[in-house]
Each structure stands twice: as C-alpha cells, then as structure tokens.
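Structure first, then comments.
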Amino acid sequence: MMEIGDNGRLWVLGGRTSSYALHLTDRDELLHLHWGPRISLEAAAALAREPLAPHWPFESRTDGLEEYPVEGGPRFVRPALSVRAGETRGTAWDFTGSDVEGDELKLRFTDPATGLALTLHYRMRDDFDVVERWVTVSSQLADGSLELLRADAATWTLPERDGWRLSQLHGRWAAESRLVRSGLTPGEKVLGSRRGHTGHQHLPWVALDAGAEAAEESGEVYGCALGWSGSWRIAVHHLPDGRVQINGGAGYDDSGLMRLAPGESYTSPVFAGLWSGAGFGGASRQWHAWQLAHVIPRAGKPRPVLYNSWEATLFDISEDQQRALARRAADMGVELFVVDDGWFGARTHDAAGLGDWSPNPTRFPGGLKPLADEVHGLGMQFGIWVEPEMVNPDSDLYRAHPDWVQFQPGRTRTEFRNQLVLNLARKDVQDHLWEQLDGLLTSAPIDYVKWDFNRCFTDAGWPGEPYPQKLWVEHVHAFYALVDRLRAAHPHVAFESCSGGGGRIDLGVLSRTDQVWTSDNTDPLDRLAIQYGFSQLHPARVMAAWVTDSPNTQLNGRVSSLRFRFVSAMAGVLGVGGDLTRWSPAELAEARDWVALYKEIRPVVQLGAQYRLRPPDGGLGAVQYTRGDDTVVLAWLQAQHYGEPPPAVRLRGLDPAASYTCPDTGTVYSGAVLLHRGLATGLRGDLDAAVFRLRRT
Ligand code: GLA
C-alpha cells in the first residue's frame, strides 16, 4: 500500500507490519523520515514538518538524512553515486517528478550540468515487510561519454539509538555463512567481494539491532541484502550522531562500473531492506516468505531428493558405474540423479577439458542419452554438472580461442584449479555458450543443471576494448542473460547455483535458480553451523544438503551415524552423496526409511515457517518448521556431558489452547506445554539426532 501527501512530495510505503516514509523538502532534498512499525500519512507529514536539527560549521545540514547521498556539494557521508563527466565531478539533482506503477514508486531527477537522469525505485508489497530499492542512471548528453564510477542500489537510514550491533555471515571455502555479531563503533564497516563472484567470504547481507536489545524472537531488527552475483560492497556507516547509513551495490570500490554513451543507462541490482519487530527469527521468516513468494522461481514446488556421486568418485566416472549407482539411488527413493564433473571432453582430471561441452567419447560412447533414459526408466529425473564460464588451457576451446579469456597483454594468465575465466562480456563468447548449452539440453533428456563457478577473477583485462573495466558488471549480466534464456527455452529444466560450494549465493542468482549448493563441506556437524547462518536470510527450500560417507572423506574424517547425517541434511533440500556401492544392505535399508520420512515432512521443511529453537553451538541444537497444522522439529546433540539429559526444547508459534499429536508414537501434547516446558528429545551420547512430527488435533 502506498500513500502520498504534501502535494506529491511525501510518500509512505506500507507493508505487513511496517512503514517506510520519505519526503522532498522545498529545496528538492529527498530526505528519509521513517522505517519501522506502521505509521499513518499524518504522522509522516508531522515528521516532515519537524525542522532539521541545528548543524555546526563543520557539519552538513543533510548528512545522515538523505535517501540517496551523492558525491558533490556539502556532504561528507559515503556517497552512493559518483560520476565523471569531462571536468565535472559529482552531481546536483533537480526533482522532475514521480510515478506510481502498481506497488512501485519511481522518483525522477536530472542533473543539468552532466545531463544525467536518475530514477530511484522503491517497491513494498502489501503482505511483506521487505522494501526493494534500486536505481537507474541514464545519460541524456548529446555528445561525449560519462563515466559511472559507482551507483549504489540504495542507502538505508536507521534511526538514532544508543548503540548498534551488526550481524554478518562470513566464511571461506567449505566454511561459508557463519553468523557473527559484534558491536558497531563509529566509522565504517565494509563487507564485500572483489573476486568477480559473490564469494564465500560474506553473504551480501547485514542485520542491525540496537545494542543487545533484540533476541531470536523479540526486538527490533533491520536487515539488508543485495541481489548481485559479481563483486559487491555493503558499507555500514555509524555516523557521529549515532545514526547508521548502509550503502550497497555492485562493484567493490569506486573504480568504475561503465561508461554511459548518450542514451545509455545503468540499472543497479536490487538492495532489499527489512524491518522486523519480532527479533532475528521474525526477520528471517519475513525474508523467507518474501523470497518464496517473489524471488525464487517455482518456489511453491518442493525440490526432489537428489543423488550426486562427486564425493564418492571424483573424476573417475564411467557409464556403467553411474548406472550401478543410479539403480541403488532409485532403490533408496532418490528422485533426481546427477552426474557431476568428468563426463565431458578430456575431463578425466581438473587440468583438461573444461570448456568442451560434449560427452567424453570413451566414457559415454553413445552420449548422455542412454544413461538419461535409463535414469528416467528408474523413475528419476536426470541432471548434469557444468561450469560454462571457465576453460582449462588444455581444451579444444582454449586452443581455438585463446583470446576469449580475461587477460592482460604481457601479464601472466593466473590459473586457479588449472583454469581461466572466459570473458562473458564478449558477444562471441555469449553466442558460443548459448549454442553449446542449448545443444546440450537438446541432446539428451536433462532435467537439472548444476552450474558451477570454481575460481575468482584475477587478470580481468579485455585487450582491444577501450573500457575493459566494464567486464566486471557485464560478465554478471551475461551470466544472468544466459541462464534466463536457457530457462525460457527449456522451461522444465531446474538450475542449481554452485561456486565451489556456496560461493555464489545471493538474491540475484536466486531469482533465476531453483536451489543452491550450500557448501562443499558435507560434514554433518560443521554443516549445522553453516545452515544456521544460511537460514538467517534464505529458506530451506533452496538449501541443498547431502548425506555423504562416514568417516567424512572431504574434510575431517569425522565418524558419524547415518541417523545424524540424515537429520542434519533433512534441514534443507535432502540429497545423498556417498559411495552407495560401499554401503551395507542395512545402511541402504536405513537410508531408504530416512528418505521416505523426508518425503513426508518435505513440504513442512521446505515451505514452512522456520523457528531456530536453539543454536547448534556445542550442546543441543534444534529447528522447528510449521506449515498449517503440521510441525516438524529436528534436533541434534553434539555431545552429552555428565550423563545429564539435554534440556527440553521449547517450541514456538503453536496454539497454546490446541493439542498436538505425534503420528509416530501417538503421544498427545498440549500446545501450552510444548511452548512453555518444551519437548524432551531423549537424545544421548555424542552426535545424536532425531526428527519429531506433530499434527494439530
Ligand atoms: C566444485 C563443486 C563440487 C563439485 C566440483 C567438481 O568444487 O562445489 O560439488 O561439483 O566442483 O569439480
């Protein structure tokens, strides 16, 4: 809902529980008024009438108040927009009008000196608390080009509080999205990626609460998340007066996004913001609901249980071996069988073949179709792994087109994992990849593509191109366009975003993929912390998790029960990734039971409201999912001490007056007791876990 007042110079966007208000002063300054619980248009108008606080000679009148502070004029805060037009630096904006289209508000400005036009976009959907913001900058100059150094998607302004605490999700390869909270001190805290992809180091998200006032299920929490899969930056600025502003957009620094020729424009990614009065859990549930409704494609359809042999076989694959694994997987109840790396070109190890997207003739003499048909015959969907943006120097593609990669003349072409990055900003590379991938999806009945990205940008040059800097942004646009075009041409195919595990997880990629590979770390214990962090922003519906072998082969040799591994992976989109040829008949039978149970609880886990009941650090961790009358609780005990039973787990969001029955045991529980005293898990020893189902009766 949007309300407009003050002769079209005051706007109040209304969501499920919150409002966002802004206004234009009589000097055409666009100032922030309110972001928090719902307020009326009258209350916003009263805020707009309040005089600005007096400012000292060393301060700006509007620093900390502006919706979109730019470089230029009397401002000292971090600018969201920075341009160079000949000798002119910075911009000064005249308001030219506003438009409302459905739930989108557009505010238009022009800068006479540079001939630039700027549009600020806002969207808040009635049933959600997320505000989506982005900008468009276009050049109206008749001649001459203009350099856009930086154009953040938005600046978010938080109210004055006694202090602020910052939550972030940090990590590295095999250790992504771990939650850390710390007090914010005056100055700037900058998160981002200068790697060309979203990166394992930070999910592009921050949350802020006033000191330690917020808890998991109470208190005021602000969150911001960026929808961009290239280099990015979020800067959290704690201003001297206690206010906080948060800028976010594409590009790590201000070294240039693109040149705008007359008539050209740049549209930033979306930087979404959320206010919740219901704590960190309430904020997460709002983020999840919004992504399920408006970001993730086909989100209402639960994802199938998949099998992937990567950890079991690495590059050593053959058609017969994959058939044998497929039969065991089908027997276990798996619904999607995925052939990972090693099926194409000369790719029998990681130093050759990347870029040559036709089946290896020795390994798959008849192509992929015979295996795909057999997999379909077993009642499963068929998927494959690809990494289209990369090339091994030892490949037919690189031998034919050594100039198709990012490189700088006279410099080393740095290799990671023996591979180079294709320059996707080039039209010939885009056309080639489209032909290869469209041909591949037409050559065999493929239902699913795991799309990987296994190295960062390093020598991001583009010889011959006058403005090579633009490839950082154009690579991402080309990647998006390729996925979009493939999805349109092959609408039944689902896509997973992978980047050495969780190196490309953000709202931009999630708006065009069906799920993400959360981490290459499949250790079921480490995974609980990674999943706990992931859930701060993204729903279980996209969080792929595999049950692999014990001892863990990839990272740490940890020994854990099949029960613990399954219950850990059942918190997201369940997959199996162990060497099934070495699982005993008893293990295969147990796995079949877990898969069957997962299919029953899947709609609740993947689509339900998620309550993080207890963090997974050290002792007992638990997560609850509730959808309609159904509730599922997953609980994990890392280590029991002194023989003491772990504490009862207090449930959330239930009706205290209702009764809940466990369909497995027939036990009837009172809602009030589950909420107040909690559920005794009966877990004991080390690495124990259980699934509890409850149905409102
Ligand atoms: C990446 C992925 C793995 C696997 C390998 C294959 O590391 O994260 O799951 O697909 O590539 O090379």
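Okay, here's what the table says:
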| quantity | calculated |
| --- | --- |
| Loop trypsin sites (Lys or Arg not before Pro), the range 257-305 (other Cβ atoms within 10 Å of the site Cβ: 11 or fewer; DSSP) | R298 |
| Anchor K599: aspartates and glutamates whose Cα lies under 13 Å away (excluding residues fewer than 8 positions away in-chain) | E335 |
| At 1.002 mPa s and 20 °C, Stokes D of the range 107-246 from Kirkwood alpha-carbon radius, µm² per second | 125 |
| Full-extension gain in nm, D459 to D629, via 0.36 nm per residue minus C-alpha separation | 55.7 nm |
| Scattering curve values for the range 367-430, log₁₀ I(q)/I(0), Debye with Cα scatterers, q = 0.27 Å⁻¹ | -1.15 |
| Extension gain (nm, one decimal) between S265 and T412, 0.36 nm per residue minus Cα-Cα | 49.5 nm |
| Debye intensity ratio in log₁₀ form over the Cα atoms of the chain, taken at each q of 0.08, 0.11 Å⁻¹ | -0.65, -1.18 |
| Fraction of beta bridges assigned by DSSP in the range 308-607 that are antiparallel (%, nearest 5) | 20 |
| Hits among lysines - C-alpha to C-alpha of K189 under 25 Å, sequence gap 8 or more where chains match | none |
| Mean separation of Cα contacts under 8 Å, 6 or more apart, over the residue count of the chain: relative contact order % | 10 |
| Protection proxy ranking of 266-277, 414-425 - average other beta-carbon atoms within 10 Å, highest first | 266-277, 414-425 |
| Selection from A324, P262, L274, by position along the positive dipole direction of the range 255-352 (Cβ) | L274 |
| Kirkwood-type radius of the range 486-536, with distances r between different C-alpha atoms, in Å | 12.0 |
| Within the range 614-696: Cβ-based charge dipole about Cα centre, in debye rounded to nearest 20 (Lys, Arg +1; Asp, Glu -1) | 240 |
| Sulfur and carbon atoms: percent of accessible area, the range 566-697 [1.4 Å] | 50 |
| Gain in span if fully extended, A53 to D484, counting 0.36 nm per residue against the direct Cα distance | 150.3 nm |
| Accessible area (Å², per residue) of the chain, counting only protein heavy atoms and a probe of 1.4 Å | 37 |
| Carbon plus sulfur fraction of accessible area for the range 2-294, probe 1.4 Å, in percent | 49 |
| Residue-averaged [θ]222 nm for the chain, counting only DSSP H segments that reach four residues, each worth -39500 (n - 2.57) | -6500 deg cm²/dmol |
| Cross-link partners of K427 among lysines (Cα-Cα below 23 Å; sequence separation of 8 or more within a chain) | K470 |
| Approximate spin-label separation A658-S40, in nm, with each point projected 7 Å along Cα-to-Cβ | 3.5 |
| Among 531-541, 365-375, 399-409, the order from most to least packed when residues are scored by Cβ within 10 Å on average | 531-541, 365-375, 399-409 |
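The values are calculated or read from the model by the stated rules, or taken from the named source; none is laboratory data. All of these numbers come straight from a predicted model, not from anything done at the bench. Using ideal geometry, Cβ is built from the backbone for each residue, glycine included, and neighbour counts are taken over all protein chains shown. All accessible areas refer to the heavy atoms of the entire protein, side chains included, with ligands and DNA or RNA removed. Shrake-Rupley method; radii C 1.70, N 1.55, O 1.52, S 1.80 Å.
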